[in-house]
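The values are calculated or read from the model by the stated rules, or taken from the named source; none is laboratory data. Only a predicted model underlies this, so the values are computations on that prediction, with no experimental measurement involved. Methodologically, a virtual Cβ is constructed for each residue, glycine included, from the backbone with ideal geometry; neighbour enumeration extends over all protein chains shown. Just the protein is used for accessible areas: all its heavy atoms, side chains included, with ligands, DNA and RNA removed. Shrake-Rupley method; radii C 1.70, N 1.55, O 1.52, S 1.80 Å.
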Amino acid sequence: PGSHRLDIPKGSFVTLGFDGARFNDSTALVMTDIRRGVQKLVGFWEKPEEWNKKDDDGKPIRWQVPVQEVQDTFAKLMEEYDVWRVLADPPHWVETVADWYGKYPDEIREFWTKDPTRMYYATLAYIEAMETGTLAHTGDPDLVRHIGDTGKAPTRGVDGEGNPMYRLAKITEERKYDAAVAGILSWTARLEAIEENAQPKETLWVPRRVR
């Protein structure tokens, strides 16, 4: 369920999920309000459908995610919210994630989505949250679209209940689903926060002189 009326106010106790590629694809940051289970797409960069630029020799030019915009957006989120944990898929953003870890070592964690078992169970938990209404979102159309564009590809494994395991995959090459993966990572971080009984940072109270 989702509603445009839902939002995550600045200063909220949150988690972040980060996933994406650098070229000809998309990259996303999804935030989850730990207390309420509300998700919001807070950073999104995607190759425009009309992109057809070519160099002087007529060869196609790859569209690239604006790295500095990603960095600026992330820094602003870390400043404006009480971020408990960030789960980031690093393969296409190794230097960026390493830079974030250098600045926020207590918050940044790598989550390799190519780990089929870990990703499978994270996906199951996300689906369960949707089905039970535990998860809500702000109604962002790009997040909704990416969730709808996410397909399943079978793997050779079976889970603890004997069900065939799967991995996430594009329905077609044109469809993107990085925001959906970022949502899964952000939700996984929220579940970790609940399991570890995480608490918001205490705000330092500074007395003011009464004139």
With every protein chain in place, the chain: carbon and sulfur % of accessible area (1.4 Å)
49
What is the count of Lys pairs in the stretch 1-158 whose alpha carbons sit under 21 Å apart, if the two are 8 or more places apart or on different chains?
7
Neighbour-limited loop hits for GluC sites (Glu not before Pro), the stretch 86-145 (at most 10 other Cβ within 10 Å; DSSP other than H, G, I, E, B)
none
Cα extents of the stretch 36-138 along the three principal axes, largest first (Å):
53, 33, 29
Give me the accessible area per residue for the chain, probe 1.4 Å, as a whole number in Å².
60
Those trypsin sites (Lys or Arg not before Pro) from the stretch 95-161 that are DSSP loop and have at most 13 other Cβ neighbours within 10 Å turn out to be K114
Can you tell me the relative contact order of the chain? Whole percent, Cα pairs under 8 Å, sequence separation 6 or more.
30
Semi-axes in Å, largest first, for the stretch 1-66 (Cα gyration tensor, √(5λ)) are 35, 12, 8
Mind giving me the FRET efficiency for A98 and D142? R0 is 35 Å, r the Cβ-Cβ distance, nearest 0.05 is fine.
0.80
As an exercise, use a Förster radius of 22 Å and the Cβ-Cβ distance of I171 and N24 to find the FRET efficiency, rounded to the nearest 0.05.
0.80
Classify the stretch 137-183: rounded, prolate or oblate, from the alpha-carbon gyration tensor (a ≥ b ≥ c, eigenvalue square roots; a/c under 1.5 rounded; otherwise prolate if a/b is larger than b/c)?
oblate
Who wins for biggest fluctuation among E49, E69, E80 in a Gaussian network model of the chain, springs between alpha carbons below 10 Å?
E49
Under the helix-only model (-39500 (n - 2.57) for each DSSP H run of 4 or more, divided by the residues of the chain), the mean residue ellipticity at 222 nm, to 500 deg cm²/dmol, is -10000 deg cm²/dmol
Starting from the Cα gyration tensor of the chain, take the square roots of the eigenvalues, sort them a ≥ b ≥ c, and report rounded, prolate or oblate (rounded when a/c is under 1.5, otherwise prolate if a/b is larger than b/c, else oblate).
oblate
Exposed-loop cut sites defined as chymotrypsin sites (Phe, Trp or Tyr not before Pro) in DSSP loop states with at most 15 other Cβ within 10 angstrom; longest site-free run of the chain spans 113-204
